[in-house]
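The values are calculated or read from the model by the stated rules, or taken from the named source; none is laboratory data. What you are looking at is a predicted structure, and each value in this text was computed from that prediction instead of being measured. For neighbour counting, all protein chains shown are included, and Cβ atoms are generated from backbone atoms with ideal geometry for every residue, glycine included. The area values use the complete protein model at the heavy-atom level, side chains included, leaving out ligands, DNA and RNA. Shrake-Rupley method; radii C 1.70, N 1.55, O 1.52, S 1.80 Å.
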Amino acid sequence: MISHPKHCTVELQALPSRIGQVRRIVSAQLRYWHLDQLIDRASLGVTELLSNVHRHAQPDKSCTVEMELVLGRLMVSVRDHDPRLPVAGDMPVVGDMEDLGPLATCGRGLAMVAAVSESWGARPDGDKGKVVWFTLPAPSITDRQPARPPRRAAAEAPVRRFDQVEVEPAACAPAPVHAPARPVATG
């Protein structure tokens, strides 16, 4: 894995056991970037793209997953060595999912990517293969940090000492009653 402040690259064989590992890497990287709210959608998208490489890519299952933060967007791409771009039957748009039978076991992956992402697509990568990608809007840094209450000026904040605070006894809570200790073993 190669990671920079706004870029992460993972090279792998798209095998089922490796897909789970890449999901964990994606999650860890997004936590590192403080983009926890994107973990579920990015993990789903990466899983679907890697599953397609495992199922369809020829001549091998070697691929590269890249995540990059660019201009308020998380760009996730999977590059493989198969130059064949997905055809219309392999890439249903979200509205075409009704054309799939209710018991169909494939054909929904890229439709799910389209449903959870802001944009997505596929492009040739010269004679090296192709790249299938999707983007997610990355919240700005102010959206990611919890709001802090405004700080008071020193003159506004009254200073109270502990010995000046009056504490009333709790009227509702009776004092606890402890049971006598019992021996663990009887003889």
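Highest mean packing first, where packing is the average number of other Cβ atoms within 10 Å per residue, the peptides 21-30, 45-54 line up as 45-54, 21-30. Note on L15 and E118: the extension gain reaches 34.4 nm, defined as 0.36 nm multiplied by sequence separation minus the Cα-Cα distance.
Taking the Cα of S62, stepping 7 Å toward and past its beta carbon, and measuring to each backbone N in region 9-44: which are under 12 Å? What the label zone holds, given the 12 Å backbone N cut-off, is 11-14. Summed over the residues of region 1-46 and divided among them, the accessible surface reaches 57 Å² per residue at a probe radius of 1.4 Å.
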